[in-house]
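Each remark here refers to the structure printed beneath this line.
The values are calculated or read from the model by the stated rules, or taken from the named source; none is laboratory data. Please read all numbers here as calculations on a predicted model, not as lab measurements. In this analysis, Cβ positions are derived from the backbone assuming ideal geometry, glycine residues included, and neighbour counts consider all displayed protein chains. When the accessible area is computed, the model is the full protein with side chains, heavy atoms only, and any ligands, DNA or RNA have been set aside. Shrake-Rupley method; radii C 1.70, N 1.55, O 1.52, S 1.80 Å.
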Amino acid sequence: MVDIPESLLRRSAEAKAKALGVPVEQVLAEMKGEGPAVEVPQAPEPSPAPSSPPVERGESPPEAGEGSETPEPVAVEEEAPAAVATAVEDPMAADQGDGVVEGNGAGDAQVAALVSPRPSVPPTGLPEGVRTQRLLTVVKARAIQDVKAEPHDKINTWPHLMLIEFGALLAMTALLVIMAVVIHSPLLDPANFNATPNPSKAPWYFLGLQELLSYFDPQIAGVTVPTIVGLIGFMMIPFIDRNPSTRPSDRKFAILLYSIFIAGSATLTIIGVLFRGKGFNFSYPWKDGIFFEDLADWLDFE
Amino acid sequence: MANGNGRTGLKDRIKETNDKLWNSQVVGAILRPGSPFKQGYSDSPRNRSYVVMNNVLYHLHPVKVKRHAVKLSYTLCLGGLSFFLFIHLTITGIFLMFYYTPTAELAYVDIQALSTDIAFGSLVRNMHRWGAHLMVLSVFLHMSRVFYHGAYKPPREFNWVIGVVLLLLTLLLSFSGYLLPWDQLALWAVTVGTNMAGFVPVIGDQVKFALVAGVQVSAATLLRFYVLHVLAFPFIIVIFMAVHFWRVRKDGGISGPL
Ligand code: HEM
């Protein structure tokens, strides 16, 4: 049997004792399974509006339920379904916004109180339309709660995430302003179709490709590498790599391949930028100078 | 409230006018109910949610994010920085457009004027140029960090595919802008680049023809690249970015910690 907190048990017992007109201690002992079943005195009060009888569901052992004469079982049947509808609500659930009702892992949700929305007969002395609630019984929460997802450790976008984003934005703006002040954009002679500069280099992000073109047949370097490997191959990565794990120790091969790709393209690009001179021939930047006009303003210090 | 003379003081009138303004129907129509701009901001969980929820921001961010997602060391902010650089390039690009004519006669002269005559022209041109290079770099690094986290695995496969398209578009944007100064560097770098496109079998020549508006790079290429650079590619990339950001959220936010 579930451990029911003492306070809830006591409330339940009090309600039951009041309804039956017996001492609380007696009911409590019975609920805990320590005492004999409660003898219900027949027609305890001549009151014209007797409060509704107790409901015992799932909580007391069947023998005890049979032993005690539960008055008016019909009324009990009517009330029971309504009572089950009440569940302990997760205070976080409203904040998730994901449409998932999250279960509450905390210990205090182990127990849900079943509350009757309204007594079958309103107690005397209450104005018309006023409803009261009574604790009927206490059941284990798990049984009526549909736990769909474990709660995440979440924090507010504002201020936590947005302040970081703002910081990154400021840092990037500062970097841009500093770069723009320090390094000037190149502007060479006006375009001239009759004067091919030597060397002619592509923008740096295509220089790795241009470098490949100088080794391989253009059909390979110009087609196979960029379109097949570069575009289609990259798009297919998630469908080729069927390994579900994201832990680095499980993905050694994938990480190795990608690292080779990065190292390879970085090497090719650096060779293209720094080590290619006249006629796109190999040259040493410290001997022959740097043929990279994008940074010409910055590299020519003399 | 009346002051000592029994008349309404200036301070009270200002306050009254102010209240009237903020409670007017126009302001009410602009700001969502409960907007912190209207009600004033005091730090509470409710207001923290309202800052995001009552705002166009809600299209980009949920009210709450996973705790590890805001750790700088996880995303390094690279996707966000790529997006920021794109916005930065749009703003500086609009400035440049005021002073630039995409014709073979005027393009070079205009860029020269920007670098020397026009107030802030040189600064803005430099920011636009370095911003473009940085964007290529940050998109590439963003892709690498996604790969090393295995963040392309289900359910995020499709967002990776969108990402590859974004990388291609970023390169195309940068490349098409490269020609616009119409100097020797621009002309011949683009000539080399488009020649590489011509090596693609079957469709290579057609792709190159469409790109450079002819068999070889010419004055017509300048207008073509200009329109692609300031209109066509930005339009397409914005659409793909929208889908990209939407999928980041629909796929359950940033992927989990390793
Ligand atoms: C214009 C270029 C791009 C922009 C503006 C952009 C923007 C973003 C942003 C803001 C995020 C949120 C997480 C983060 O900041 O890391 C993100 C996530 C993601 N991006 Fe991109 N991205 C771009 C290009 C790419 C590329 C080239 C790829 C891969 C080929 C890619 C694949 C992904 C994936 C798979 C996620 C989900 C990552 C996760 O859940 O951890 N994106 N992107």
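Let's see how each residue does on (1) open to solvent by 20 Å² or more (accessible area, probe 1.4 Å); (2) touching a residue at least 60 places away in the same chain (Cβ under 8 Å):
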position	(1), (2)
B:167	yes, no
B:186	no, no
B:199	yes, no
B:207	yes, no
B:229	yes, no
B:236	yes, yes
B:243	yes, yes
B:256	yes, yes
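Of the listed requirements (1) at the interface with another protein chain (Cβ under 7 Å from one of its Cβ atoms); (2) within 30 Å of residue B:92 (Cβ to Cβ); (3) free of Cβ contacts under 8 Å to residues at least 60 places away in the same chain; (4) not in a loop (DSSP other than H, G, I, E, B), residue A:210 misses just one: (3). Scanning region B:150-162 for residues that are touching a helix residue (DSSP H, G or I) at 6+ places or on another chain (Cβ under 6 Å) and within 6 Å of the ligand (Cβ to nearest atom) yields a total of 3. If you go through region B:74-106 and keep only what is of a type in the set (Ser, Thr, Tyr) and within 12 Å of the ligand (Cβ to nearest atom), you end up with B:74, B:75, B:82.
Of all the listed residues (B:207, B:215, B:238), the sole one being within 11 Å of chain A (Cβ to nearest Cβ) and more than 26 Å from residue A:295 (Cβ to Cβ) is B:207.
One residue alone among B:175, B:140, B:147 is near the ligand (Cβ under 9 Å from one of its atoms), aromatic (Phe, Trp, Tyr) and open to solvent by less than 20 Å² (accessible area, probe 1.4 Å), and that residue is B:147. Filter region B:46-60 for residues that are surrounded by 16 or more Cβ atoms within 10 Å (Cβ to Cβ) and among the β-branched types (Val, Ile, Thr) and give the result. Once the filter is applied, which keeps residues that are surrounded by 16 or more Cβ atoms within 10 Å (Cβ to Cβ) and among the β-branched types (Val, Ile, Thr), region B:46-60 yields B:51, B:52. Considered as a group, the residues in region B:120-134 that are open to solvent by less than 10 Å² (accessible area, probe 1.4 Å) and touching a His at 6+ places or on another chain (Cβ under 9 Å) include one that is farthest from residue A:231 (Cα to Cα), and that residue is B:126. Given the residues B:38, B:11, B:20, which is the only one that is surrounded by 13 or more Cβ atoms within 10 Å (Cβ to Cβ) and basic (Lys, Arg)? Within the list B:38, B:11, B:20, the selection yields B:38.
With respect to residue A:253, determine if the residue is farther than 22 Å from residue B:193 by Cβ and either part of a loop (DSSP other than H, G, I, E, B) or open to solvent by 80 Å² or more (accessible area, probe 1.4 Å) (or both). It is true that residue A:253 is farther than 22 Å from residue B:193 by Cβ and either part of a loop (DSSP other than H, G, I, E, B) or open to solvent by 80 Å² or more (accessible area, probe 1.4 Å) (or both). Condition (residue is within 16 Å of the ligand (Cβ to nearest atom), among the polar types (S, T, N, Q) and under 26 Å from the mean Cα position of the chain (by Cα)) applied to region B:207-222: is it met by at least one residue? No.
If you check A:286, A:298 for being part of a helix (DSSP H, G or I), in contact (Cβ under 8 Å) with a residue 24 or more places away in the chain and surrounded by fewer than 16 Cβ atoms within 10 Å (Cβ to Cβ), only one passes: A:298.
Filtering region B:101-110 to residues that are in a loop (DSSP other than H, G, I, E, B) and surrounded by fewer than 20 Cβ atoms within 10 Å (Cβ to Cβ) leaves B:101, B:103, B:104, B:105, B:106. Within region A:149-186, the set of residues being assigned to a loop (DSSP other than H, G, I, E, B) and open to solvent by 50 Å² or more (accessible area, probe 1.4 Å) comprises A:150, A:151, A:152, A:153, A:184. When residue B:51 is tested against (1) touching a helix residue (DSSP H, G or I) at 6+ places or on another chain (Cβ under 6 Å); (2) within 16 Å of the ligand (Cβ to nearest atom), only condition (2) is not met.
Residues of region B:100-133 that are more than 7 Å from chain A (Cβ to nearest Cβ), touching a residue at least 24 places away in the same chain (Cβ under 8 Å) and in contact with a Ser or Thr (Cβ under 9 Å, 6 or more places away or on another chain): B:104, B:107, B:124, B:128, B:132, B:133.
Condition first: of a type in the set (Val, Ile, Thr) and more than 7 Å from chain B (Cβ to nearest Cβ). Can you find one or more residues in region A:239-256 that meet it? Scanning region A:239-256, I find at least one residue that is of a type in the set (Val, Ile, Thr) and more than 7 Å from chain B (Cβ to nearest Cβ), so the answer is yes.
Residue by residue, here is whether (1) within 21 Å of residue B:104 (Cα to Cα); (2) at pLDDT below 90; (3) among the charged types (D, E, K, R) holds:
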site	(1), (2), (3)
B:166	no, no, no
B:171	no, no, no
B:175	yes, no, no
B:180	yes, no, no
B:183	yes, no, yes
B:196	no, yes, no
B:215	yes, yes, no
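The one condition from (1) within 16 Å of the ligand (Cβ to nearest atom); (2) within 18 Å of residue B:255 (Cα to Cα) that residue B:63 does not meet is (1). Scan region A:182-196 and give yes if some residue there is touching a residue at least 12 places away in the same chain (Cβ under 8 Å), of a type in the set (Ser, Thr, Tyr) and more than 8 Å from chain B (Cβ to nearest Cβ), otherwise no. No, because not a single residue in region A:182-196 is touching a residue at least 12 places away in the same chain (Cβ under 8 Å), of a type in the set (Ser, Thr, Tyr) and more than 8 Å from chain B (Cβ to nearest Cβ).
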